[in-house]
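The values are calculated or read from the model by the stated rules, or taken from the named source; none is laboratory data. A quick note: this is a predicted structure, and the numbers were derived from the prediction, not measured. As a convention, Cβ positions derive from the backbone with ideal geometry for all residues, glycine included, and neighbour counts pool all protein chains shown.
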Amino acid sequence: MNFKSKIKKLIPGQLISLYHFCLAAAASFYYGFPSKKMIIIGVTGTKGKTSAANFIWSVLNAAGYSAGLLGTANIRIGDIDLPNKYHMTMPGRFILQGLLKKMASAGCKYCVVETTSEGIKQWRHYGIYYDIAVFTNLSPEHLQAHGGSFEKYKIAKGKMFAALTSREHKIIDGQKIEKIIIANCDSSHAEYYLSFRADKKLTFGLSEGADFRACEIKNTPDGLSFLVGANSYSINILGNFNVYNALPALVIGSALGIANDKIKKGLENLKIIPGRMERINEGQNFLIFVDYAHEGEGMNAILDTARDLVKDRKVIVLLGAEGGGRDKAKRPILGEIAAKKADFMVVSNVDPYEDNPKEICEDIAKSAGKFGKIRNENLFVIEDRRQGIKKAISLAKENDIVLITGKGAEQSIIIGGKSHPWDDRVVVREELNKICHK
């Protein structure tokens with residue numbers, strides 16, 4: 001435990017919360033409350049936030065609107081797309097409000113904001129005036145940050161929905177902006193988020209009863225096609241789970257009166273979501289993807305997608321888990337899932353922070369061993385992430401698939417409390433080029 005962590009333990013939680021609140025209030029005041037000048041779309045949930053936010057941005061862009069985006073993988077200011085270098089979905093309050101100010105000044109009418117439970121706990125959402133709230137799904141994640149309580153985690157996310165009607169309606173371009181809640185009705189927790197007040201409430205999903213129900217989902221060489229009502233849509237992102245991530249954009253487009261051909265175009269225009277099933281191709285004879293999957297549901301989804309893509313070929317996955325007070329309970333779960341669904345596993349560092357990297361890796365590896373994986377045969381523990389990536393690549397034969405998971409498009413790795421520049425996609429390309437150009 002470093003000095004900063006020790007000091008935090010000595011300070012009462014209420015005082016820390018007050019400190020975060022004051023920072024957020026000061027930042028929004030300093031930058032002149034920029035979110036009041038835009039229509040703010042908040043996206044929250046355990047997984048899919050980044051993909052959903054990018055699909056929403058793409059539909060707004062296709063409709064001719066200038067829009068901003070603040071997300072885990074990337075930051076968009078109109079047509080400018082930047083990697084998120086801050087190693088957190090919601091960066092420091094002054095950075096956050098400063099970015100919103102840049103978007104408003106650049107003429108953005110809309111801004112899509114990924115909103116996390118940890119960000120809400122630290123009041124980073126304060127001073128962001130939400131108009132539309134989107135709920136994607138909910139599963140156990142970041143529970144240690146909420147006292148180990150799933151209920152507290154769920155309630156924390158609810159504060160974004162409560163914030164909708166805590167402020168007056170905005171008037172933008174002479175129009176009163178409706179407060180709208182959009183929720184994945186296939187989640188057992190949808191009812192809670194739909195219970196908050198709003199002018200309009202809309203649902204999406206695959207089950208009957210959804211206002212916007214996707215069906216007849218088909219895999220294509222480049223992505224997926226599906227029907228909603230009588231209309232067909234296509235996305236150029238792999239993974240059946242991405243239908244759920246695309247639906248909020250369709251719902252928002254419809255709610256805002258965007259023509260269906262523009263919605264279709266927006267969904268199809270999105271070719272890459274940074275670090276989300278992002279294919280890396282350097283001429284190798286096997287598939288390799290970088291993905292952010294770092295919890296149970298995400299790992300299940302990406303491994304199922306991989307198996308569908310390569311059928312009887314080998315699936316190789318590199319995985320790990322975060323330290324720094326992140327949920328320890330997910331480590332054995334990740335180990336079990338990967339052991340059952342991948343042919344080869346490489347366990348490596350993600351972001352150990354101040355924690356012991358060996359301990360994190362061993363928590364995953366020991367679990368994998370219980371489900372049939374054998375060390376140094378189909379299970380390898382290599383703490384150094386570059387060496388881990390190199391090993392995963394070396395295991396691949398023609399037409400196999402390699403998944404590099406846990407970090408996606410993050411721009412740094414934190415080991416021993418120190419941040420180092422890092423990008424999985426860059427490292428994968430470097431290691432592939434060593435093989436391809438031998």
*Would you mind finding the one in L250, L318, L256 that is over 30 Å from K200 (Cβ atoms) and either surrounded by fewer than 22 Cβ atoms within 10 Å (Cβ to Cβ) or hydrophobic (A, V, I, L, M, F, W, C) (or both)?*
L318
_Residue check, S188 loosely packed, with under 15 Cβ neighbours inside 10 Å and within 23 Å of the chain's Cα centre (by Cα)_ = yes
*Just one of the numbered conditions (1) under 18 Å from V315 (Cβ atoms); (2) crowded, with 21+ Cβ neighbours inside 10 Å is not true of R385; which one?*
(1)
_Selection count where residues are within 27 Å of E322 (Cα to Cα), of a type in the set (K, R) and either outside any helix (DSSP H, G or I) or modelled with pLDDT of 95 or more (or both), scope region 66-117_ = 2
_Looking only at region 1-42, filter to residues that are touching a helix residue (DSSP H, G or I) at 6+ places or on another chain (Cβ under 9 Å), surrounded by fewer than 20 Cβ atoms within 10 Å (Cβ to Cβ) and outside any helix (DSSP H, G or I); which one of those is modelled with the lowest pLDDT?_
M1
_Top-ranked residue of region 365-382 - restricted to ones that are in contact with a strand residue (DSSP E or B) (Cβ under 6 Å, 6 or more places away or on another chain) and not in a loop (DSSP other than H, G, I, E, B), ranked as surrounded by the most Cβ atoms within 10 Å (Cβ to Cβ)_ = A368
*What about A321, is it out of contact with any Lys or Arg (no Cβ under 8 Å at 6 or more places or on another chain) and small (G, A, S)?*
no
*Enumerate the strands (runs of 3 or more DSSP E) found wholly within region 287-348, keeping only those where 2 or more residues are in contact (Cβ under 8 Å) with a residue 40 or more places away in the chain and not β-branched (V, I, T).*
287-291, 315-319
*asked:* If I go through region 51-69 residue by residue, how many of them are out of contact with any Pro (no Cβ under 8 Å at 6 or more places or on another chain) and either surrounded by 24 or more Cβ atoms within 10 Å (Cβ to Cβ) or assigned by TED's automatic domain parsing to the domain that holds G298 (or both)?
replied: 10
*Kindly provide the set of residues from region 153-182 that are more than 30 Å from R326 (Cα to Cα) and not β-branched (V, I, T), ordered by number.*
S166, R167, E168, H169, K170, D173, G174, Q175, K176, E178, K179
_region 70-81 - residue that is over 10 Å from the mean Cα position of the chain (by Cα) and on the phi < 0 side of the Ramachandran plot and, of those, surrounded by the fewest Cβ atoms within 10 Å (Cβ to Cβ)_ = D79
*Does G223 qualify as being farther than 30 Å from K328 by Cβ, at pLDDT below 95 and touching a Ser or Thr at 6+ places or on another chain (Cβ under 7 Å)?*
yes
_Top-ranked residue in region 392-422 [being without any contact (Cβ under 8 Å) to a residue 60 or more places away in the chain and not in a loop (DSSP other than H, G, I, E, B); ranked as nearest to I364 (Cα to Cα)]_ = S394
*Scan region 199-213 and report the pairs whose first residue is at positive phi and surrounded by 19 or more Cβ atoms within 10 Å (Cβ to Cβ) and whose second residue is of a type in the set (A, V, I, L, M, F, W, C) and part of a loop (DSSP other than H, G, I, E, B), with Cβ atoms within less than 9 Å and a gap of 6+ or a chain change.*
G205/C185
